[in-house]
């Protein structure tokens, strides 16, 4: 009888460790959602055909280039204000837990494509959708990020975006 008791104790201890680890993996900063990149592209075009916004905390870099990336039209930097950072964090946290890799038919019939790269814990996920037609779950964050890209592309500070010096507006 006494030999069964230590085995039961070990089993209970291991169960508690497993439960504790499971609780740790679903809570805390590792489960935070961050948007690290957003942008757009048009497959068959001349001139500015691709735009990419890189987000590192509140730091922003927006680059617009030719289809091949050989010619860069603008590379502007800015920063999210505290209001912008709070809004982005709120929109990111409201994203669905599972995003599809592709929604609709991005860049079909040269209608353009939009993309969003999200990091959740240690996992990165890129989702693509038709330019100007985000799925309902992505509509609010798409509108916000489009506004950020427009502000950086037009060198126009807003309540949510401040500009760094040397901003070059997109050509008409």
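The values are calculated or read from the model by the stated rules, or taken from the named source; none is laboratory data. Computed from a prediction, not measured in an experiment: that's the story for all the values here. Cβ placement follows ideal geometry from the backbone for every residue including glycine, while neighbour counts extend to all protein chains displayed.
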Original post:
Does residue 143 fit the bill of being buried (at least 20 other Cβ atoms within 10 Å of the Cβ), modelled with pLDDT of 95 or more and out of contact with any strand residue (DSSP E or B) (no Cβ under 6 Å at 6 or more places or on another chain)?
Top reply: no
Original post:
Does region 93-128 hold any residues that are assigned to a loop (DSSP other than H, G, I, E, B) and under 12 Å from the mean Cα position of the chain (by Cα), and which are they?
Top reply: 95, 99
Original post:
Out of 96, 135, which single residue is touching a strand residue (DSSP E or B) at 6+ places or on another chain (Cβ under 9 Å) and either modelled with pLDDT of 95 or more or closer than 23 Å to residue 33 by Cα (or both)?
Top reply: 135
Original post:
Somewhere in region 81-90, is a residue at pLDDT 90 or above, more than 27 Å from residue 131 (Cβ to Cβ), surrounded by fewer than 12 Cβ atoms within 10 Å (Cβ to Cβ) and assigned by TED's automatic domain parsing to the domain that holds residue 157?
Top reply: yes
**OP:** Output the qualifying pairs, or none if there are none: Cβ atoms under 7 angstrom, residues six or more apart or on different chains, first residue in region 119-139 and at positive phi, second residue surrounded by fewer than 16 Cβ atoms within 10 Å (Cβ to Cβ) and in a helix (DSSP H, G or I).
**Re:** 121/30; 121/31
Subject >> Checklist (1) surrounded by fewer than 20 Cβ atoms within 10 Å (Cβ to Cβ); (2) part of a helix (DSSP H, G or I) applied to residue 153, failing item >> reply: (1)
**OP:** Determine, yes or no, whether residue 99 is surrounded by 13 or more Cβ atoms within 10 Å (Cβ to Cβ) and closer than 23 Å to residue 162 by Cα.
**Re:** no
